[in-house]
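Encoded as structure tokens, the structure appears first; notes follow it.
The values are calculated or read from the model by the stated rules, or taken from the named source; none is laboratory data. Bear in mind the structure is a predicted one, so any value in this text is a computation, not a measurement. Here Cβ is always computed from backbone atoms with ideal geometry, including for glycine, and neighbour counts include all displayed protein chains. Quick note on the areas: whole protein, heavy atoms, side chains included, nothing else; ligands and nucleic acids left out. Shrake-Rupley method; radii C 1.70, N 1.55, O 1.52, S 1.80 Å.
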Amino acid sequence: MGSFLLFSSFASMLFGFCALLMMADFVACRTRHYTFNIEYHNVTRLCHTKSLISVNKKFPGPALVAREGDRVLVRVVNHVSNNITIHWHGIRQLGSAWADGPAYVTQCPIQTGQSYVYNFTITGQRGTLLWHAHISWLRSTVYGPIIILPKRNESYPFVKPYKEVHIIFGEWFNADPEAVINQALQTGAGPNVSDAFTINGLPGPLYNCSSNDTFKLRVKPGKTYLLRLINAALNDELFFSIANHTLTIVEADATYTKPFTTTTLVITPGQTYNVLLRTKPHYPNSTFLIAASPYFTGSGTVDNTTTSGILEYEPPPSHIKNLTLHKPSLPPFNATKFVNVTQFVANFTSSLRSLASKKFPANVPQRVDKKFFFTVGLGTNPCPKNTTCQGPNGQKFTASINNVSFVLPSVALLQAYFFGQSNGVYTTDFPVTPKTPFNYTGTPPNNTMVTNGTRGVVLPFNASVELVLQDTSILGAESHPLHLHGFNFFVVGQGFGNYDPNKDPAKFNLVDPLEGNTAGVPSGGWLAIRFFADNPGVWFMHCHLDVHTSWGLRMAWIVLDGPQPNQKLPPPPSDLPKC
């Protein structure tokens, strides 16, 4: 309990800031306390019972609920044999880099029998995010929603919903996911895929032995429901639809959007949407399937199943006995065979816009201080001597950014940076452009080997950054949902083929582009983002397909301190875990 009461001086400063806000805006900021016990927990799905790791013996884990401006203290206690960290995905962590959570980047993991208090203030965000484990593949079961309500006495910029419901997508493995990825890293092959997708931990009636494990959304006619959609799946982008109903997206990654209505949406791992569901005006004499299935762009195997739930209207009239079940029409899962599917995804993502109102402006960098061009994709590493590997051409699958496959160190990068002990831990010579340019989306080169290292990029405080992420076809073109820790970015452009620095910038949207923390680099295409480096510290950027992260599709940005006291990285808290 002692560590729970240890707050850094910086946290006290944030608390004072909260009090100032309260005086200025008559807004009541609160300090919200949570305890997350990491424990073993028996769960049965698909007639298969296994012991999994969860938070407070809940699968999915408990919702973290706070208001914009609140300070949050989460004491994480590790009762299992695995090391653990928790990442508060999408929380800006302004001035609280030590609470971000990725293992060996901002902290050493919490070891068995140890605890750590994550201490952060929610600044300038409202909507839906998620929390999840950020070490190996433990986030397959250690995850849950973050629900950020507006400040007190403030309303949504859309119709007030009758009720709010969170819907979190996941993946279920009959096997131990840790064993799955460990085997893949050892053999060099692609990992075995999951056995089912889930909605709020339940696979639904389309799987064998699963009809009782079905999410049910009970609604009343003529009402507006706010659905908080979260994709916590390990390795799959998902299509989502509700039969005979439309969805209006009003928020993405805890940032308000212009209302966008669709019957089918696509959501990548790590992404979140708030959508409005307007129910039918009268009891419809039907039930409706809620369904999610994969959007797959790779060349390997995929869990090509569909998770589903049931939308039920209540109360049913007494004379109605047999209800018709309507099913939605989702796009085919294999986008490599159906080009129009990838085009649908591109049209969908390019249709989303920031709200960009006077109260909620889109502060897009109009000029750029630092420009970067990163290729992302798969490659190979040599097979160790006297072993047999099952990857391409007898090698090991790997993944890289600018041909560098990132190797996690054995100590935390943030600590090494803060204490000036980078020697032997990391270097700052990450390539800002590909070392060897080639036709990125054309005929792949013969040499598929990548380099390995722990290399980062240094950014001056508050520099405006433009980053173009280019997919490559080295081992097949594939969509890559890239997640940036510590920042929100604006998606100013996207396209298919190779990025053209002479022509494509003229088409950038610098007025109301979508703002977020996770965005998909199109299969066989490119994505352009901009952000301000206004948050000192060491910040992870990686593909949110966990298999690609495990293979090395990750890197780190090092943002220097600014001149003012509140623009400097504070010292670590006294209970920061040790390696």
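Asn322 meets each of the listed conditions (1) closer than 26 Å to Ile230 by Cα; (2) outside any strand (DSSP E or B) apart from (1).
Does Ile168 meet the test of being closer than 22 Å to Pro62 by Cα, open to solvent by less than 30 Å² (accessible area, probe 1.4 Å) and of a type in the set (Val, Ile, Thr)? The answer is yes for Ile168. The set of residues in the range 240-250 that are surrounded by fewer than 24 Cβ atoms within 10 Å (Cβ to Cβ) and not β-branched (Val, Ile, Thr) comprises Ser241, Ala243, Asn244, His245, Leu247. Considering the range 553-579, and only residues there that are touching a Leu at 6+ places or on another chain (Cβ under 9 Å) and of a type in the set (Gly, Ala, Ser), the residue that is surrounded by the most Cβ atoms within 10 Å (Cβ to Cβ) turns out to be Ala556.
Could you pull out the residue among Thr388, Thr398 that is in contact with a helix residue (DSSP H, G or I) (Cβ under 8 Å, 6 or more places away or on another chain) and not small (Gly, Ala, Ser)? On inspection, the qualifying residue turns out to be Thr388.
Restricting attention to the range 171-223, the residues that are open to solvent by 30 Å² or more (accessible area, probe 1.4 Å), farther than 18 Å from Trp551 by Cβ and within 26 Å of the chain's Cα centre (by Cα) add up to 8.
For the range 454-483, the set of residues classified as open to solvent by 20 Å² or more (accessible area, probe 1.4 Å), part of a loop (DSSP other than H, G, I, E, B) and more than 26 Å from Ser299 (Cβ to Cβ) consists of Thr454, Pro460, Phe461, Asn462, listed by residue number. Checked against (1) open to solvent by 10 Å² or more (accessible area, probe 1.4 Å); (2) outside any loop (DSSP other than H, G, I, E, B); (3) not polar (S, T, N, Q), Glu154 meets all criteria but (2).
Among the residues of the range 282-313, those that are on the phi < 0 side of the Ramachandran plot and more than 34 Å from the chain's Cα centre (by Cα) comprise His282, Tyr283, Pro284, Ser286. Where the second residue is assigned to a strand (DSSP E or B) and charged (D, E, K, R) and the first is without any contact (Cβ under 8 Å) to a residue 60 or more places away in the chain and open to solvent by 40 Å² or more (accessible area, probe 1.4 Å) and lies in the range 400-427, which pairs have Cβ atoms under 6 Å and are six or more apart or on separate chains? Pairs that qualify, where the first residue is without any contact (Cβ under 8 Å) to a residue 60 or more places away in the chain and open to solvent by 40 Å² or more (accessible area, probe 1.4 Å) and the partner is assigned to a strand (DSSP E or B) and charged (D, E, K, R), are Thr427/Arg455.
Specify the residue that is farthest from Pro62 (Cα to Cα); the eligible residues are those in the range 105-135 that are crowded, with 24+ Cβ neighbours inside 10 Å and among the hydroxyl-bearing types (Ser, Thr, Tyr). Checking each candidate, the answer is Thr106. Restricting attention to the range 78-104, the residues that are charged (D, E, K, R) and either open to solvent by less than 10 Å² (accessible area, probe 1.4 Å) or free of Cβ contacts under 8 Å to residues at least 12 places away in the same chain (or both) add up to 1. Of the strands (runs of 3 or more DSSP E) lying entirely inside the range 57-106, those carrying at least 1 residues that are closer than 17 Å to Phe487 by Cα are 86-89. Count of the range 381-397 residues, restricted to those that are farther than 14 Å from Met449 by Cα and of a type in the set (A, V, I, L, M, F, W, C), is 1. Take Lys385 and tell me if it is charged (D, E, K, R) and assigned to a loop (DSSP other than H, G, I, E, B). So Lys385 fits the description; yes. The residues in the range 380-421 that are at positive phi and touching a strand residue (DSSP E or B) at 6+ places or on another chain (Cβ under 9 Å) can be counted, and the count is 3. Reported count of residues in the range 498-519, each being open to solvent by 20 Å² or more (accessible area, probe 1.4 Å) and either in contact with a His (Cβ under 7 Å, 6 or more places away or on another chain) or outside any strand (DSSP E or B) (or both), is 14. Gly486 meets the conditions (1) within 18 Å of the chain's Cα centre (by Cα); (2) assigned to a strand (DSSP E or B) in every case but one. The failed one is (2). What do you reckon, is Ala533 open to solvent by 10 Å² or more (accessible area, probe 1.4 Å) and of a type outside the set (Val, Ile, Thr)? Taking the combined requirement at face value, the residue does not satisfy it.
Yes/no per residue for (1) at pLDDT 95 or above; (2) under 30 Å from Phe296 (Cα atoms):
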| residue | (1), (2) |
| --- | --- |
| Thr342 | no, yes |
| Phe372 | yes, yes |
| Pro382 | yes, yes |
| Ile401 | yes, yes |
| Gln421 | yes, no |
| Thr427 | yes, no |
| Thr448 | no, yes |
| Thr451 | yes, yes |
